[in-house]
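Below: the structure, in structure tokens.
The values are calculated or read from the model by the stated rules, or taken from the named source; none is laboratory data. Keep in mind that what you see is a predicted model, and the values were worked out from it rather than measured. FYI the Cβ positions are ideal-geometry reconstructions off the backbone, even for glycines, and counts take in every protein chain you see. For the accessible areas, the whole protein counts, side chains as well, though only heavy atoms, and no ligand, DNA or RNA atoms are used. Shrake-Rupley method; radii C 1.70, N 1.55, O 1.52, S 1.80 Å.
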Amino acid sequence: MLRSAFPLVSHLPPRKPPPVRPARPPPVRPYASSAARPSPPPASAYVHLPFCRKRCLYCDFPIVALGSSSSSPVNGEGNDPRIADYVRLLLREVAATRPVSNDGVPLETVFFGGGTPSLVPPRLVAAVLDALRGKFGLSASPEVSIEMDPGTFDAAKLRELVGLGVNRVSLGVQAFQEDLLRACGRAHGLREVHEAVGIVTACEGLQNWSMDLISSLPHQTEEMWEESLRCTVDARPTHVSVYDLQIEQGTKFGQLYTPGVHPLPSETDSANFYKIASKRLSEAGYNHYEISSYCKTGYECKHNVTYWQNRSFYAFGLGSASYINGVRFSRPRRMKEYADWVQKLEIGAWSHEPDSAGMKDMAMDVVMLSLRTAWGLDLRSFSKSFGKSLTVSLCNTFRPFVESGLVIVMDMERRALQPSDFKLDLQYEGEIESKVAFIRLSDPDGFLLSNELISLAFGVIAP
Amino acid sequence: MAGAAALRRSARRAIRPDEYTFSRTLQHAERLLSSQASPDRGGVLGSELGLYPPERIRNFSIIAHVDHGKSTLADRLLELTGTIKKGHGQPQYLDKLQVERERGITVKAQTATMFYRHAHDESDAPNYLINLIDTPGHVDFSYEVSRSLAACQGALLVVDAAQGVQAQTIANFYLAFESNLSIIPVINKIDQPTADPDNVKVQLKRLFDIDPSEALLTSAKTGQGLSQVLPAVIERIPSPPGKCDSPVRMLLLDSYYDEYKGVICHVAIVDGALHKGDKIASAATGRTYEVLDVGIMHPELTPTGVLYTGQVGYVISGMRSTKEARIGDTLHQAKSTVEPLPGFKPARHMVFSGLYPADGSDFDTLSHAIEKLTCNDASVSVTKETSTALGMGFRCGFLGLLHMDVFHQRLEQEHGAQVISTIPTVPYIFEYGDGSKVQVENPATLASNPGQRIAACWEPTVIATIIIPSEYVGPVIMLCSERRGEQREYTFIDAQRALLKYQLPLREIIVDFYNELKSITSGYATFDYEDSEYQQSDLVKMDILLNGQPVDAMATIVHNQKAQRVGRELVEKLKKFIERQMFEITIQAAIGSKVIARETLSAMRKNVLAKCYGGDITRKKKLLEKQKEGKKRMKRVGSVDIPQEAFHEILKVSNSK
Ligand SMILES: Nc1nc2c(ncn2[C@@H]2O[C@H](COP(=O)(O)OP(=O)(O)O)[C@@H](O)[C@H]2O)c(=O)[nH]1
Ligand SMILES: [Mg+2]
């Protein structure tokens, strides 16, 4: 029931037939919709629930730290008036938002992200879901995800959420080492991790959950990383997200550490962690379907897939980013400014400027997002939207990396082509489309250098 | 000018400092200045200029080692004569360029006319017209110096009373001496506690055979002794020679381009008089022009409508570009044939470097900036060249290192151009087996594996003059011999100071020599050099290769015995400055097909953003766009991106350390 509707599966053996096309027609590729065609209305909504017990030392997200408080470690914050106030504001934003289409395209995915959404009492989550349902409608079997942190929920709370329609949990475990959890300022310890995994796996009606991990933490060793991956595999989640620690300016970690310098792992070690994850999780039957995402077949995060396919989506809440009618918009990251903005929205004093995101920007988005995935860039549709000559230049730029194995070219059947085939094709411009159909970055080496490769592509698109 | 020498000597006589006054001069100057506002006053001024026949004119320069107070002294003299107001404006009035003010050096010679009353007649009106021509102190600009000196009959030789004679003092003295000028020694900065004028007198006697009684003692800071200066100029420097009643003939001293006025020429009238409206012709090009405006630098352009024999001033004649105004050319009355005046020693370009736009796209900006700058600095030679690594650019020839530096700085400061310059090189001469010879101004143009045997190579040398406190003689001799120098002279100029002369390959001093010299002598050494002849030498071309591809802009010519060391240094430096890329990079230095140094830069392992970023892709995109921009700023050879800094850094690789 939660099978992916999208042909994202990429771990096809070379001679297997193409993946079965979804029953439902695949969504129109948004980038095929450049100037003339309007982009399809959003079928996804992101909801930002910014509350955390405290700010993790590496975090630069728009969050509200509640401060550790009160009686029950699990439900203590639930009654914090700031949460209810915020949800009221959020509901006002939903109410003031005009649906993009009138013919009622229902939401296929809803994602409660944070912050720590699991700190929000289920009744308030319910209120948001109800509002969304009322405003846009929910499809027959939508994917409703929520991020949850160990130590912020018990079995009852989770059951309640599932009762509301939540059917996917993204569990922010991050590490299986007490010391590491403490070092990154997590509000939970190892005991809470094991409890949470127990609660999630035991929960009736919840089949789909993701274990979220962070690699390249300060003082993290290869042994620790192997251990975390082992524990992850043992917990049998349907999905694993492996984030690589980014040292952001303005965070505590930004003051304390320099990337590549002790106690952070060296560039080599950090690359190694990435490769280990790819290896261990693949061995355990997970598909590495996006740079930092792994899943059992059919369990891609549909909501995130929306992003990577460059399709439009609603967003609600502090600092959240929406993509509607070809316009990306980030809401204010400060509560006061966000509240002012909601008010403007309500009185009609704000609307999405039909900003003329040019073809170049559009092409960059498509390349940037699709090359993050194992599915890769669909050259035929790219060529249709942005022209053959750009496609050829792109291929030319990538050619040396096809030879060195960082980039993989595939035919229509997603069979990998030899670098020599690729060369041959480029000699006859007209032939590209007939033979080379997809370009993707290799796993793990190409993924590991994705910033380099994508920025090279940017250089071709917007010289 | 030979006959003038006797005249000069007869003009020397002692004068008393209280023999003149300058209050009348001030009034006169104010009148002149106010006349700038109304162009019709030119005639009035012109008639005033008529009051100054050649015998009432003096043209002189100030020459000195850098920092000995030349510009400050010039300021004081301009104030003294009311040409500029005291305490107004910036100090070192004549140093107009930003680079001059910043570096405390004079690059372009500037001229100013002063009116001065010298009390040997009864009237209290100004009775002398004095032209002061400021000169650059540095040897690179000896071209400018000789240009200035050609319009002078005398020079003040300024020496710091504490520092004594320094390297450039010597070079400049000889330039003036060879031009047959009357030299007035001025021992300046006598206010300093460490001033030792007597010792300086001894040095002047020993080195230049100057009679100690001739030296003036001054402080441009306190004003002490300044009142003797202009009287000495009048008494000891002869008036300009010239025939008042001949058709006009003048020497073109300098020219520059002004956006509003067009080409402005500085001229010294040798014979006759020049009036507004006159038709003049260039002896060099034969072109004729009408004099649209003529006047004096007082110190700003001040129209007078006329210039008379012996006077120095400016002419605007509708020239389109400074290329028409050749320095050293003779301008004369049109439709008359004249004997051209002896021109100047032409500039010799001894240091060459490729200049490329630092950000690939703005070749046009650079081209425009270079054109503008060379409009006013004819001493730079410019030819287009192309580099595979750097694209389109220019090969520029400079008089010397400082000249090159100053040119770069002016490009950036005055014209906003960002440049990458290649390793400076000198003009080598290579002779092939068949006897044919080539002059190589760009190492990249020399074949790495020539089909023909190279029979011989020559490189230019210089005679370097170094003055140092005697305790540093040892290390300096070491340095010079490391730089393949040969000692030509070793003397003491006084009890503490030694003078060394070395013949050195120019190549050895263009990179890092002066800094090294300064650092081993705690800053005490002064250094100057003059061009000398070519010498035969064992030279090789060294290529730098990245993944087997030669980087033409990094090719260099080195002495065979130093190739190994220079190669190592270059390769190590590059390894530091080239960033890791998606593949391994080998960096090699090679002579022909023989690799003499090699480093490998391993491939980048990881550059990925694996972060939970919700739908907010804009920040991530910005990051990638920034990365893209970073790549764009790089220069590419084969598939290797080279940061621009790498080109700057390898300039710093010394060739002899
Ligand atoms: N104490 C003292 N300093 C002086 C005197 N004349 C010039 N200076 C200083 O010496 C420095 C160099 O002077 P400048 O005129 O620029 O020298 P130039 O390089 O020969 O033109 C400046 O800081 C002046 O202020 C002087 O008579 N006494
Ligand atoms: Mg000066």
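One residue stands out in the stretch B:540-565 among those that are under 19 Å from residue B:482 (Cα atoms) and more than 29 Å from the chain's Cα centre (by Cα): the one that is surrounded by the most Cβ atoms within 10 Å (Cβ to Cβ), namely B:563. Does residue A:382 satisfy being under 25 Å from residue B:608 (Cα atoms), in the same structural domain as residue A:454 (by TED's automatic domain parsing), open to solvent by less than 10 Å² (accessible area, probe 1.4 Å) and touching a residue at least 40 places away in the same chain (Cβ under 8 Å)? Criteria met by residue A:382.
On the stretch given as the stretch B:408-435, residues that are open to solvent by 50 Å² or more (accessible area, probe 1.4 Å) and either closer than 22 Å to residue B:646 by Cβ or outside the structural domain of residue B:385 (by TED's automatic domain parsing) (or both) total 3.
For the stretch B:481-517, the set of residues classified as part of a loop (DSSP other than H, G, I, E, B) and more than 24 Å from residue B:204 (Cα to Cα) consists of B:483, B:484, B:485, B:511, B:512, listed by residue number. For the stretch B:379-403, a residue qualifies if it is touching a residue at least 60 places away in the same chain (Cβ under 8 Å) and under 23 Å from residue B:323 (Cα atoms), and the qualifying residues are B:379, B:398, B:399, B:400, B:403. Candidates in the stretch A:356-378 are the residues that are farther than 16 Å from residue A:456 by Cβ and more than 12 Å from every other protein chain (Cβ to nearest Cβ); of these, the one that is most open to solvent (accessible area, probe 1.4 Å) is A:356.
Take residue B:75 and tell me if it is surrounded by fewer than 20 Cβ atoms within 10 Å (Cβ to Cβ), within 14 Å of ligand 2 (Cβ to nearest atom), away from chain A (no Cβ under 14 Å) and modelled with pLDDT of 80 or more. Judged against the criteria, residue B:75 is not a match.
Listed here are the residues, each with its yes/no results for (1) within 19 Å of residue B:131 (Cα to Cα); (2) among the basic types (Lys, Arg); (3) assigned by TED's automatic domain parsing to the domain that holds residue B:147.
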site	(1), (2), (3)
B:263	no, no, no
B:272	yes, no, no
B:279	no, yes, no
B:284	no, no, no
B:287	no, yes, no
B:291	no, no, no
B:309	yes, no, no
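Can you name the strands (runs of 3 or more DSSP E) wholly within the stretch B:271-319 that have at least 3 residues being touching a strand residue (DSSP E or B) at 6+ places or on another chain (Cβ under 9 Å) and open to solvent by 10 Å² or more (accessible area, probe 1.4 Å)?
Filter on the stretch B:271-319 gives B:288-290.
Yes/no matrix, rows are residues, columns are (1) open to solvent by 10 Å² or more (accessible area, probe 1.4 Å); (2) of a type in the set (Lys, Arg); (3) facing another protein chain (nearest Cβ under 10 Å):
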{"residue": "A:268", "(1), (2), (3)": "yes, no, yes"}
{"residue": "A:297", "(1), (2), (3)": "yes, no, no"}
{"residue": "A:318", "(1), (2), (3)": "no, no, no"}
{"residue": "A:348", "(1), (2), (3)": "yes, no, no"}
{"residue": "A:352", "(1), (2), (3)": "yes, no, no"}
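Number of residues in the stretch B:595-654 that are of a type in the set (A, V, I, L, M, F, W, C), within 7 Å of another protein chain (Cβ to nearest Cβ) and in a helix (DSSP H, G or I) equals 1.
Candidates A:323, A:274: the one that is within 22 Å of residue A:370 (Cβ to Cβ), at pLDDT 95 or above and either surrounded by 24 or more Cβ atoms within 10 Å (Cβ to Cβ) or not assigned by TED's automatic domain parsing to the domain that holds residue A:452 (or both) is A:274. Remark: pairs (first residue in the stretch B:121-136, in a strand (DSSP E or B); second residue modelled with pLDDT under 65; Cβ separation under 7 Å; 6+ apart in sequence or on different chains) = B:133/B:109; B:134/B:94; B:134/B:106; B:134/B:109. Note on the stretch A:114-166: residues that are hydroxyl-bearing (Ser, Thr, Tyr) and either in contact with a His (Cβ under 7 Å, 6 or more places away or on another chain) or crowded, with 19+ Cβ neighbours inside 10 Å (or both) amount to 4.
Of all residue pairs spaced 6 or more apart or on separate chains, those with beta-carbon atoms under 8 Å, a first member in the stretch A:251-264 that is free of Cβ contacts under 8 Å to residues at least 40 places away in the same chain and a second member that is open to solvent by less than 40 Å² (accessible area, probe 1.4 Å) and not in a loop (DSSP other than H, G, I, E, B) are A:260/A:270.
Does residue A:88 satisfy being over 30 Å from residue A:175 (Cβ atoms), open to solvent by 30 Å² or more (accessible area, probe 1.4 Å), among the charged types (D, E, K, R) and part of a loop (DSSP other than H, G, I, E, B)? It is false that residue A:88 is over 30 Å from residue A:175 (Cβ atoms), open to solvent by 30 Å² or more (accessible area, probe 1.4 Å), among the charged types (D, E, K, R) and part of a loop (DSSP other than H, G, I, E, B). Scanning the stretch A:217-239 turns up no residue that is in contact (Cβ under 8 Å) with a residue 12 or more places away in the chain and facing chain B (nearest Cβ under 10 Å). Among residues that are modelled with pLDDT of 95 or more and surrounded by fewer than 22 Cβ atoms within 10 Å (Cβ to Cβ), residue B:501 is included. Six or more apart or on different chains, Cβ under 6 Å: which pairs go from a residue in the stretch A:278-306 that's among the hydrophobic types (A, V, I, L, M, F, W, C) to one that's modelled with pLDDT of 95 or more and surrounded by fewer than 20 Cβ atoms within 10 Å (Cβ to Cβ)? Could you list them? Final answer for the pair search is A:284/A:233. Scanning the stretch A:91-105 for residues that are open to solvent by 10 Å² or more (accessible area, probe 1.4 Å) and over 21 Å from residue A:40 (Cβ atoms) yields A:91, A:92, A:95, A:96. Keeping to the stretch B:379-407, report how many residues are surrounded by fewer than 18 Cβ atoms within 10 Å (Cβ to Cβ), touching a strand residue (DSSP E or B) at 6+ places or on another chain (Cβ under 8 Å) and either within 25 Å of residue B:529 (Cβ to Cβ) or not small (Gly, Ala, Ser) (or both). Selection size over the stretch B:379-407: 7.
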